[in-house]
Amino acid sequence: MGAPIRLVAGLGNPGREHDATRHNAGFWFVDALAAALGVSWASEPRFHGAIAKAGPDLRLAKPATYMNLSGRAVGAIARFFAIAPAEILVVHDELDLAAGEVRLKFGGGVAGHNGLKDIRAHLGTADFWRLRLGIGHPRDSDVPQQQVVDYVLKPPRRDERAAIEAAIESGLAVIPALVAGETERAMTALHTKDEK
């Protein structure tokens, strides 16, 4: 048994022009989770984003800062509600996984992901959970010379979006186990399903 997850933070960029871009996969996830739980978002300026309360001890968050400043929101929420880093799940896009792949991991490096880098700085540790939603890498795309920044800020192709949506569904299925602190069960269920 691990620590129960008390905060699920989806990463993305605010603004309608970013809604459909690959970099907003984390927002897609928490929006789907809020819908599944029947909770609604409330803008909370003191937390630099939107918060949804899902049960007595679970909060969802969407930072209203740009991706590079995601730690301001996650850090503020964690401090206010006394949420330990090990009780935080950060959901983000992952270049190193193909569209449709999903992985759960604890701690480790940030692989150049500026949102994770800022969260690590604000929490003072990298020891938080990450749900990595694969979006693929431009080197494996139709335009391999495309810059990473251009790639993540563009919408995925229709087939890629469908694959990412399927990965989101797989991730949503393990949230109850994570909230119960059953991290091993969640990892086994997610990674076994993903390999089939």
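Worth pointing out:
- Among the residues listed as Ala166, Ala86, Ala73, the single one being among the aliphatic types (A, V, I, L, M) and farther than 17 Å from Phe29 by Cβ: Ala86
- All told, Thr192 meets the bar of being among the β-branched types (Val, Ile, Thr) and open to solvent by 60 Å² or more (accessible area, probe 1.4 Å).
- Residues that are over 17 Å from the mean Cα position of the chain (by Cα) and open to solvent by 50 Å² or more (accessible area, probe 1.4 Å) were ranked within the range 157-187; the one that is nearest to Ala35 (Cα to Cα) is Ala162.
- One residue stands out in the range 111-128 among those that are more than 17 Å from His48 (Cβ to Cβ) and within 13 Å of the chain's Cα centre (by Cα): the one that is modelled with the highest pLDDT, namely Phe128.
- Here Ser40 clears all of (1) in a loop (DSSP other than H, G, I, E, B); (2) closer than 21 Å to Met187 by Cα; (3) open to solvent by 60 Å² or more (accessible area, probe 1.4 Å); (4) of a type in the set (Gly, Ala, Ser) except the condition numbered (2).
- Taken together, the residues in the range 136-179 that are part of a loop (DSSP other than H, G, I, E, B), at pLDDT below 95 and either of a type outside the set (Asp, Glu) or within 23 Å of Asp118 (Cβ to Cβ) (or both) amount to 13.
Residue-by-condition table, conditions (1) assigned to a loop (DSSP other than H, G, I, E, B); (2) open to solvent by less than 10 Å² (accessible area, probe 1.4 Å); (3) modelled with pLDDT of 95 or more; (4) aliphatic (A, V, I, L, M):
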position: Asn68; (1), (2), (3), (4): no, no, no, no
position: Gly71; (1), (2), (3), (4): no, yes, yes, no
position: Val74; (1), (2), (3), (4): no, yes, yes, yes
position: Val90; (1), (2), (3), (4): no, yes, yes, yes
position: Gly100; (1), (2), (3), (4): yes, no, no, no
position: Gly109; (1), (2), (3), (4): yes, no, no, no
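- Of the candidates Ala180, Ala166, Ala121, the single residue that is of a type outside the set (D, E, K, R) and touching a Pro at 6+ places or on another chain (Cβ under 9 Å) is Ala180.
The values are calculated or read from the model by the stated rules, or taken from the named source; none is laboratory data. Predicted model, so just to flag it, every value in this text is computed and none were measured. Neighbour counts run over all protein chains shown; Cβ positions are idealised from the backbone, glycine included. Protein only, heavy atoms only, side chains kept; ligands, DNA and RNA dropped before computing areas. Shrake-Rupley method; radii C 1.70, N 1.55, O 1.52, S 1.80 Å.
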